[in-house]
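Visitor: Encoded as structure tokens, here's the structure I'll be asking about.
The values are calculated or read from the model by the stated rules, or taken from the named source; none is laboratory data. Quick caveat, the model's predicted, so the values are computed rather than measured. No Cβ is skipped: glycine too gets one built from the backbone with ideal geometry, and neighbour counts run over all protein chains shown.
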Amino acid sequence: MLTTVNRATKRMSDDEIELLCLNLKLDPPAIDVISAIRNSPPVRLVRGGRNNVRGRYASRLMGVTIQFESHSCELPVIYQLEYIEADVREYYDQPYTFRIGYENSAGRKINPLYTPDFFVIRDTYVEFIECKAEEQLRQIAKDRPGYYVLGNDGQWRCPPVEKVLAQFGFRFTIISSADIDHTLYSNLVFLEDFLVVNTPSVDATICSDILQMFQADGRIALDELLNQTFAIGGTADDVYTLIAQMKLYVDLSAELLVDRKHVWVFIDPEAANLNRPADRYVDYAKAKYASISEGARYIPVSYT
């Protein structure tokens, strides 16, 4: 079950970082890299191009602006780090540049500089993240065999980068545009103003009355819930605040919140498991379509 996270802006203290590094058993060279990233600006400015639009995101978690080069991959990842992945303590854009080595198709050794998109400090590990369009990954894998490799698990890897980072005890993750849950991303954008810690609380009486609505039925369509809320003097903001604060539960990967007739609201994740339709697509009576092109990667998803 996907849940959202309401967090205040608060960077880790030096003592907290020291304790985390101790718990992760990181060596001095790794600690030096972490310190350099945390105490330095991004090593490069992002660039826009023909197929991507650069921008800056005002991070509520970090209290600074975070650069991104793509609305289709990097920006959705930022929203994941901000609002979904509860183990994220800090993250940084364009964090560090290091040299990697690999052989090109002609057998010549190449040693370029490499800068991942993000550096993430989590509760139990530290990782660098690279975001790439699926088509770009496939083209580079074809042009430079051994650089990007698609594993049997459907995940892309970059052995030359992994080899360097393994020396420090850091993980490396490639996130493809094909991995992005665009329904979840759109819903996070929709709910963003309600996800901040200082969002005004819902009036206690209105909150209680809304929660009482679920005693008669384990699930209520969002449009019906809004109508019932209006009838008791509440507002749409009240409902969306309760959803963002997890006092009501919605599967944010299932449907777009703007499509209110097809969004089910539950009192909590357990109620969703008990009251979710066996076949939600039949229940919604709403067609789903996918565009498939030659060479596309199909990732099966279970809805049980």
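Visitor: Leu242 is checked against (1) farther than 30 Å from Gly63 by Cβ; (2) surrounded by 17 or more Cβ atoms within 10 Å (Cβ to Cβ); (3) not basic (Lys, Arg) and fails just one. What number does that condition carry?
Guide: Unmet for Leu242, out of (1) farther than 30 Å from Gly63 by Cβ; (2) surrounded by 17 or more Cβ atoms within 10 Å (Cβ to Cβ); (3) not basic (Lys, Arg): (1).
Visitor: Moving on to the next point. If you check Gly218, Gly146, Gly169, which single one turns out to be touching a helix residue (DSSP H, G or I) at 6+ places or on another chain (Cβ under 8 Å), on the phi > 0 side of the Ramachandran plot and modelled with pLDDT under 95?
Guide: When all the criteria are applied, what remains is Gly146.
Visitor: Condition first: more than 24 Å from Gln167 (Cβ to Cβ), of a type outside the set (A, V, I, L, M, F, W, C) and at pLDDT below 95. Now tell me which residues in region 16-56 satisfy that.
Guide: Arg47, Gly48, Gly49, Arg50, Asn51, Asn52, Arg54, Gly55, Arg56
Visitor: One residue is enough: does region 174-182 have a residue meeting the conditions surrounded by 13 or more Cβ atoms within 10 Å (Cβ to Cβ), of a type in the set (Asp, Glu), under 30 Å from Lys10 (Cα atoms) and at pLDDT below 95?
Guide: No, region 174-182 contains no residue that is surrounded by 13 or more Cβ atoms within 10 Å (Cβ to Cβ), of a type in the set (Asp, Glu), under 30 Å from Lys10 (Cα atoms) and at pLDDT below 95.
Visitor: In addition: Which of (1) closer than 30 Å to Leu22 by Cβ; (2) touching a helix residue (DSSP H, G or I) at 6+ places or on another chain (Cβ under 9 Å); (3) among the β-branched types (Val, Ile, Thr) does Val161 not meet, given it meets every other one?
Guide: (2)
Visitor: I'd like to check which helices (runs of 4 or more DSSP H) are fully inside region 149-262 and have at least 3 residues that are in contact (Cβ under 8 Å) with a residue 40 or more places away in the chain and closer than 30 Å to Leu24 by Cα.
Guide: 159-166
Visitor: Quick check: is even one residue across region 89-98 under 22 Å from Ile174 (Cβ atoms), free of Cβ contacts under 8 Å to residues at least 60 places away in the same chain and aromatic (Phe, Trp, Tyr)?
Guide: Looking for residues that are under 22 Å from Ile174 (Cβ atoms), free of Cβ contacts under 8 Å to residues at least 60 places away in the same chain and aromatic (Phe, Trp, Tyr), one finds at least one in region 89-98, hence yes.
Visitor: To continue, here is another question. Going by the conditions given, is Leu211 surrounded by fewer than 16 Cβ atoms within 10 Å (Cβ to Cβ), over 24 Å from Ile110 (Cα atoms) and either out of contact with any Asp or Glu (no Cβ under 6 Å at 6 or more places or on another chain) or of a type in the set (Val, Ile, Thr) (or both)?
Guide: Taking the combined requirement at face value, the residue satisfies it.
Visitor: Restricting attention to region 257-280, does a residue exist that is under 29 Å from Ser176 (Cα atoms), at pLDDT 95 or above and in contact with a Ser or Thr (Cβ under 9 Å, 6 or more places away or on another chain)?
Guide: Yes: region 257-280 contains one or more residues that are under 29 Å from Ser176 (Cα atoms), at pLDDT 95 or above and in contact with a Ser or Thr (Cβ under 9 Å, 6 or more places away or on another chain).
Visitor: Okay, moving on. Among the numbered criteria (1) among the β-branched types (Val, Ile, Thr); (2) surrounded by 18 or more Cβ atoms within 10 Å (Cβ to Cβ); (3) outside the structural domain of Ala36 (by TED's automatic domain parsing), which one does Thr199 miss?
Guide: (2)
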